[in-house]
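The structure under discussion appears below in the form of structure tokens.
Bear in mind that the values in this text are calculations on the coordinates, not laboratory data. What you are looking at is a predicted structure, and each value in this text was computed from that prediction instead of being measured. Because the Cβ atoms are built from the backbone with ideal geometry, glycine has one as well, and the counts that use them run over all protein chains shown.
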Amino acid sequence: MLWRIAKEHLADPKDQLITYMVHDDRWRRAASLPFTREVSRISGHHSDFTQWRAARIDNEIAERLACQLQALAREAERQLVFQVLLEHEAGDVLHQLGATADLLIVSAELKQRPVYAELAQLRCEKLFIDSDE
């Protein structure tokens, strides 16, 4: 859904599409707790859920997402920039982007996250999209 809307708003073939994946800081904090466990859906086996494991899962998801977005960009004949941000650093990056971007298309889920305060202050147009659309 986000991709379709982004593609609709890219009027000029030279428009640049910058995509950010924002990692949830709570995920990594949970992984640092001594009692946090990871339970397999298939076997029910459980093990410690560590920051190393959380980072590995984050990296795997980011790689899959980057590949999917690159495929969509090639199909649409668009240039794509993909970056991964930690939530606590996203505000600064988005603030810099907001000074130059014309439109920021954002998952509405971020309205519930601390980074929303930074998003609300950006000068560019913001379009919040529900992820279930």
Task: Gyration tensor (alpha-carbon) shape descriptor, segment 26-65, a/c threshold 1.5 - done: oblate
Open item on the list: Please list, in order, the residues from segment 53-77 whose amide nitrogen is less than 20 Å from a point placed 7 Å along the Cα→Cβ vector of Ser43.
Closed with: 53-54, 56-57
Task: Karplus 3J(HN,Hα) series, Hz, for segment 123-128 with 6.51 cos²θ - 1.76 cosθ + 1.60 (x for Gly, Pro) - done: 7, 6, 5, 10, 10, 9
Open item on the list: Using DSSP to call loops (not H, G, I, E or B), can you name the trypsin sites (Lys or Arg not before Pro) in segment 1-106 whose Cβ has at most 10 other Cβ atoms within 10 angstrom?
Closed with: Lys14, Arg41
Task: Estimated inter-spin distance, Trp27 and Gln83, nm [label 7 Å along Cα→Cβ] - done: 1.9
- [ ] Show the residues, 5+ positions off or on another chain, whose built amide H is closer than 5 Å to the amide H of Thr19.
- [x] Val81, Phe82, Gln83
Task: Phi to ³J(HN,Hα) by Karplus 6.51 cos²θ - 1.76 cosθ + 1.60 over segment 32-49, Hz, x for Gly, Pro - done: 8, 6, x, 9, 6, 10, 10, 10, 5, 5, 7, 9, x, 4, 10, 8, 4, 9
Open item on the list: Counting other C-beta atoms within 10 Å, and keeping those with at most 16, which DSSP coil chymotrypsin sites (Phe, Trp or Tyr not before Pro) do you find in segment 1-70?
Closed with: Phe35
Task: Placed amide H near Ile129: partners under 5 Å, 5+ positions off or other chain - done: Val106, Ser107, Ala108
Open item on the list: For Cα pairs less than 8 Å apart in space and 6+ apart in sequence, what is the mean separation divided by the residue count of the chain, i.e. the relative contact order in percent?
Closed with: 29
